[in-house]
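Visitor: Can you read through this structure? Questions will come right after.
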Amino acid sequence: MPRKKTNSSTTTKKTKKAIDLNSQNMKAVREVVENKLKEEILEKEEKREIKSNRFWELEEVIKWLLKKQDWTQAVNIIFSGALKLGSSDVHFDNYEDYVILRFRIDGVLVDIFKLTKAEYKLILQKIKYSSHLKLNIENIPQDWKYDLIIWDKKIDIRISSLPTKFWENIVARLLDSSEAIINFEDLWFFWSTKRILEEVIKKKNWLILVTWPTGSGKTTTLYTILSKINSRDKKIITLEDPVEYQMDWIIQSEIDEKAWYTFAIWLRALLRQDPDIIMVWEIRDKETLDIATTASLTGHLVLSTLHTKSAADTLDRLINMWLEPYILASALDVVIAQRLVRKICPYCKKEVKKTNSEEILIENLLRDIWIKWLKAKNIKLYKWEGCEKCNNSWYKWRIWIFEILVMTSKLRELVRAWATVSQIIEEAKKWDMISMKEDWILKAMKGFTTIEEVLRVI
């Protein structure tokens, strides 16, 4: 019986399809395994309690001052104690019978101590009086700010009040101008990423976007970039809401949306001031986006922020804001997506043996970023006994995790052709794009942070 001839191209297509389906199935299985391992690791992480003798010492001083009815000094000690402990925000959370004072230390909320309702009343009145909030209004939200001198430094304190079922909640954000701008080399860029950004910020035009949610260090990154390119031969104007930190040689303006001075209105006026570099605090609407991209196309270097999930998702978001792809491709130069993760405490860390879950998770992650030659057993992991310097949290200070997307000519073609996010990422990786997953794995491998911490944040 003669053998039936087969079409070689058809066979090849079927084989490729089978391989693609198989790789997709394997990827799905790996994702299920990876998510299960993440749950196991994070479950152990959440059981640890953050506590310190310094919390109890602060409580004793505050309670003693409140008994003396010296609520002015009590409030000052709360804010100065928060700064000393490395806190960015102070929370007064109301419950039925008590109020809890909480500090956000290295991005994580920590319970400090309880206050009675009577004690909180004294603190609440002093805070509202100092920040020019109306004392007799408790049923509508209020916000304002005031300055406080702590350790010969001017601290900007932003107060927000929110009526709740059990009384007014107060949150105070502490802004220390001396900590806003750091050395460009201290932003935790790897050498390849740092080299890319140094080239980008030397350009005379284009749009640079810093993205990710609130609390991811976008402010510090923007100010640090501005300080890097700041010089007397350039006119730099910022448009902020509000101005957080004052910078030498930079013209800083502040919008007031309550008076209808919006970003778009202010930005139009700003462009008539003959700037070389513009920093727009945030792109919130299509009008602001259109003006910012037009400015970048007419010879200005424009820096701004946007809330998106990743660098590649930023392109989707901008197009969904009705920016034409051909304009986006011509205006945008680089997107910096970032998160802040806690840094390992250097005073109490020690190397430990990895669990099976951790080894499997590490190997999966290494496979995802194409580092197949490195085995999980060769990677060191660290744990800590806890100490007073890190409040027994195992972490002290924070570091940046970055994802940098640089627009190449090929990527611009893909954007003009309405390419998907996955297509853009695939092409960007050919040009040495470092994804956020790659960046944090490499930093965890170097002992800067932990797997648990990055899983919690990202």
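Values in this text are rule-based calculations from the coordinates and carry no lab data. Note that the structure is a prediction, hence the values are computed from the model and not measured. Cβ coordinates were reconstructed from backbone atoms using ideal geometry, including for glycine residues, and neighbour counts include every protein chain displayed.
Visitor: Need one number: nm distance between label points at CYS387 and GLU59, each 7 Å from Cα along Cα→Cβ, rounded to one decimal.
Guide: 2.5
Visitor: If each Cα of the stretch 53-179 is one equal point scatterer, what is log10 of I(q)/I(0) from the Debye formula at q = 0.17 Å⁻¹?
Guide: Cα-only, vacuum Debye calculation for the stretch 53-179: -0.86.
Visitor: Alpha carbon centre of the stretch 262-279 versus the stretch 185-212: separation in Å?
Guide: The stretch 262-279 and the stretch 185-212 have Cα centres spaced 23 Å from each other.
Visitor: Would you mind calculating the gained length between PHE166 and ARG195 on full extension (0.36 nm times residue separation, minus the Cα-Cα distance), in nm to one decimal?
Guide: Result for the pair: 5.2 nm of gain on full extension.
Visitor: Right, another one. Counting other C-beta atoms within 10 Å, which of LEU405, LEU162 has the fewest, and how do the rest follow?
Guide: LEU162, LEU405
Visitor: Sort HIS132, HIS307, HIS91 so the one with the fewest other Cβ atoms within 10 Å of its own Cβ comes first.
Guide: Placing the least packed residue first, the sequence is HIS132, HIS307, HIS91.
Visitor: Also: ARG173 versus GLU282, label points 7 Å from Cα toward the beta carbon: distance in nm?
Guide: 0.8
Visitor: Here is a follow-up. Label 7 Å along Cα→Cβ of LYS154; the stretch 229-266 residues with amide nitrogen under 15 Å?
Guide: Backbone N within reach: 243-250, 252-253.
Visitor: Sticking with this one: Taking the stretch 83-180, which trypsin sites (Lys or Arg not before Pro) meet the DSSP loop condition and have no more than 15 other C-beta atoms within 10 Å?
Guide: Passing both the DSSP loop test and the Cβ count: LYS134, LYS165.
Visitor: Please list, in chain and number order, the residues 5+ apart from THR238 or on another chain whose amide H is under 5 Å from its amide H, with Hs placed from the backbone.
Guide: Answer set, sorted by chain and number: ILE251, GLN252, SER253, MET279.
Visitor: List, largest first, the extents of the alpha carbons of the stretch 184-457 along their principal axes, each in whole Å.
Guide: 62, 46, 35
Visitor: Which of the pairs LYS63/LYS389; LYS154/LYS380; LYS204/LYS430; LYS145/LYS443; LYS218/LYS429; LYS234/LYS343 have their Cα atoms more than 31 Å apart in this structure?
Guide: Correct reply: LYS154/LYS380; LYS145/LYS443; LYS234/LYS343.
Visitor: Neighbour counts of other C-beta atoms within 10 Å: give me VAL99, VAL454 arranged from fewest to most.
Guide: Taking fewest neighbouring Cβ atoms as first place, the list is VAL454, VAL99.
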